[in-house]
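Below you will find the structure I want to go over with you.
The values are calculated or read from the model by the stated rules, or taken from the named source; none is laboratory data. Just so it is clear, the model here is predicted, and its values are computed rather than measured. Glycine gets a Cβ as well: all are built from the backbone with ideal geometry, and neighbour counts include every protein chain shown. Protein only, heavy atoms only, side chains kept; ligands, DNA and RNA dropped before computing areas. Shrake-Rupley method; radii C 1.70, N 1.55, O 1.52, S 1.80 Å.
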Amino acid sequence: GEGILKTVQDRSFNFVDVERLGSYEKKDGYLDYHIQKILEMDLVDVDAIKSKNYRILVDGINSVGSISIPPLLEALGVSEVITVNGEANGRFNHNPEPLPKHLATTANEVVRNDCDLGIVVDPDVDRLALICQDGSMFGEEYTLVAIADYVLSQKKGPTVSNMSSTKALQELTEKAGCQYAASAVGEVNVVLKMKETGAVIGGEGNGGIIVPDLHYGRDALAGIALFLSHMAKSGKSCSLLRAQYPDYTLSKNKIELPEDLDTKALFTYIQDKYNDRPISTVDGVYIEFDHGDWVHLRESNTEPIIRIYAESNAQNTAEAMIRQIKDDIGSFIRKQMI
């Protein structure tokens with residue numbers, strides 16, 4: 001990226017006719033190659049998966065998941081694969097973000113077809129959401145938690161997630177006698193922290209799983225293989241597996257900012273107000289409260305907004321923390337306008 005910018009700034013390039021731009025070639029077989037590499041991972045247990053005769057529903061959102069997940073499941077020994085939104089035509093039949101509010105119809109199909117599991121991905125298949133056999137959502141925050149639990153049971157080592165992900169991963173990691181590290185938000189930041197700490201598993205709370213034994217990028221296919229291995233070897237249904245993890249509430253919100261607002265001054269104001277609490281400024285302002293509750297404020301990289309995340313054991317507490325921080329931001333803005 002820096003090289004490209006320097007080339008542009010130095011204007012060390014020439015424009016050429018379109019016929020002289022270069023060439024390209026098409027190579028098939030990379031999906032098969034990728035699936036084979038997943039099957040070769042030590043922690044992927046095809047025999048255990050095959051023994052369970054799973055029936056799994058896949059919502060491919062009419063994109064890459066439609067052509068990549070069914071062959072992966074077949075290679076893993078899944079007995080029956082049912083596909084919805086399975087044409088790779090790019091026409092999304094529902095909002096493509098794999099969030100619970102967009103997946104009611106898919107959840108109904110999981111139950112109607114008596115499936116053991118529902119798998120939903122985003123269009124480029126780097127976020128993994130799971131639906132249990134009873135139609136309940138496993139929770140995108142807990143995709144990484146469950147997979148990390150399995151990895152740590154087989155292979156000890158550090159874990160990493162970004163600062164806006166559930167505290168459940170840190171608790172699980174420390175319970176396993178390993179170290180957890182939090183990175184700034186963003187896949188590249190997670191990867192850098194994983195390399196720095198030698199993490200055996202990492203990712204983000206949006207369902208993004210990063211398996212360093214395979215490659216340093218979010219990969220739902222790798223996540224599927226590890227989750228199915230975990231579920232099969234545990235002998236538990238999806239819902240029973242989910243029940244063994246904490247049920248924290250992570251609330252997400254945002255607030256729009258005036259164009260001329262000094263966000264640096266805003267963050268300093270917030271830090272000063274909560275200076276009796278442990279605070280991290282690695283990415284915006286992260287404040288720790290009692291009982292493991294936390295709030296994270298960060299400036300969006302793409303919009304003139306502040307994103308606010310809060311997690312607690314109780315939903316009303318998480319929402320109350322969000323309201324308090326929004327009130328604090330409102331007070332700061334009003335003072336700036338006087």
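Heavy-atom accessible area of E299 with all protein chains present, probe 1.4 Å, nearest 10 Å²?
About 80 Å², ignoring ligands and nucleic acids.
Averaged per residue, what accessible area in Å² does region 171-216 show with a 1.4 Å probe, protein chains only? Present the calculation step by step, with values, prior to reporting the outcome.
Details: 2000 Å² over 46 residues.
Per residue, region 171-216 has an accessible area of 43 Å².
Can you bin every Cα-Cα distance in region 1-81 into 10 Å intervals starting at zero and give me the percent of pairs per bin, rounded to whole numbers?
Values per bin, smallest distances first: 14, 27, 20, 16, 15, 7, 0.
In the chain, which helices (entire DSSP H runs) extend 18 Å or more along their own long axis, judged by Cα positions, while averaging at least -1.0 on the Kyte-Doolittle scale? Walk me through the numbers on the way to the answer.
On the way: long enough: 140-154 (23 Å, 0.40); 220-234 (21 Å, 1.25); 315-337 (33 Å, -0.65).
In the chain, the long hydrophobic H runs are 140-154, 220-234, 315-337.
Mind jotting down the three principal axis lengths of region 118-178 based on Cα atoms? Whole angstrom, largest first.
33, 24, 19
If I measure Cβ to Cβ between cysteines in the chain, which ones have no partner under 4.7 Å?
C115, C178
Hey, another quick one. Return the ratio Rg/(2.2 N^0.38 Å) for region 66-178, where Rg is computed over Cα atoms only.
On the way: Rg = 15.6 Å, N = 113, 2.2 N^0.38 = 13.3 Å.
Cα Rg divided by the expected 2.2 N^0.38 Å: 1.18.
Right, another one. Which lysines have a Cα less than 16 Å from the Cα of K233, not counting those fewer than 8 places away in the same chain?
Straight-line reach from K233, under 16 Å: K50, K52, K155.
I need the calculated FRET efficiency for the pair A265 and F289, taking r as the beta carbon distance and R₀ as 25 Å, to the nearest 0.05.
That pair, A265 with F289, gives E of 0.60.
Do the sum for the chain: with -39,500 (n - 2.57) for every DSSP H run of n ≥ 4, divided by all residues, what is the mean residue ellipticity at 222 nm, to the nearest 500 deg cm²/dmol? Please report the intermediate quantities before stating the final value.
Details: 12 runs with 135 residues, N = 338.
Result for the chain: -12000 deg cm²/dmol, rounded to the nearest 500.
So, one more: Rounded to the nearest 0.05, what FRET efficiency is calculated for E174 and V16 with R0 set to 45 Å and r the Cβ-Cβ distance?
0.20
Could you give the dipole magnitude of the chain about its Cα centre, charging the beta-carbon of Lys and Arg +1 and that of Asp and Glu -1, in debye to the nearest 20? Kindly include the intermediate steps, with their values, before the conclusion.
Details: 34 positive and 50 negative charges, 60 e Å.
Dipole magnitude for the chain comes out near 280 debye.
With unit charges on the beta carbons (Lys and Arg positive, Asp and Glu negative) and the dipole taken about the Cα centre of the chain, which residue among T143, G157, P212 sits farthest to the positive side?
Going by the Cα projections, it comes out as G157.
Then there's this: I need to check one value: relative contact order of the chain, counting alpha carbon pairs closer than 8 Å and at least 6 residues apart, in percent.
Relative contact order, the chain: 13 percent.
Just how large is the dipole of region 84-225 about the Cα centre, in debye to the nearest 20, putting +1 at every Lys and Arg Cβ and -1 at every Asp and Glu Cβ? Don't skip to the answer; put the middle values down first.
Details: 11 positive and 19 negative charges, 67 e Å.
Computed charge dipole of region 84-225: roughly 320 debye.
Compute the convex hull volume of the Cα atoms of region 255-323, divide it by the residue count, and report the result per residue in Å³ as a whole number.
Numbers: hull volume 6.3 nm³, N = 69.
Looking at region 255-323, the number lands at 91 Å³ per residue.
Could you check which residue among D134, D42, D213 shows the biggest mean-square fluctuation in a GNM of the chain with a 10 Å Cα cutoff?
Comparing D134, D42, D213 in the GNM, the peak value goes to D42.
With the radius of gyration and the Kirkwood radius both derived from the Cα set of region 128-247, what is their ratio Rg to Rh?
0.93
Give me the three principal axis extents of region 195-338 from the C-alpha atoms, as integers in angstrom, largest value leading.
If we take the Cα atoms of region 195-338, the spans are 62, 32, 25 Å.
Still on this structure: Of all chymotrypsin sites (Phe, Trp or Tyr not before Pro) in region 70-149, which ones are in loop regions per DSSP and have a Cβ with at most 10 other Cβ atoms within 10 Å?
Numbers: sites: F92, F138, Y142; in loops: F92, F138.
For chymotrypsin sites (Phe, Trp or Tyr not before Pro) across region 70-149 that sit outside H, G, I, E and B with at most 10 neighbouring Cβ atoms in 10 Å, the list is empty.
For region 235-295, what D do you get in µm² per second when you plug the Kirkwood radius from alpha-carbon pairs into Stokes-Einstein at 4 °C and 1.567 mPa s? Mind showing how you got there, number by number?
Details: Rh = 14.8 Å.
D, rounded to a whole number, is 88 µm²/s.
For the chain, divide the Cα radius of gyration by the Kirkwood radius and give the resulting Rg/Rh value with two decimals.
Numbers: Rg = 22.1 Å, Rh = 21.8 Å.
Here the Rg-to-Rh quotient is 1.01.
Pop a pseudo-label 7 angstrom from the Cα along the beta-carbon direction at both D134 and S239 and give the gap in nm to one decimal.
0.3 nm
Quick one: ranking T7, T105 by accessible area, 1.4 Å probe, largest first, what do you get?
Of T7, T105, the descending order of accessible area is T105, T7.
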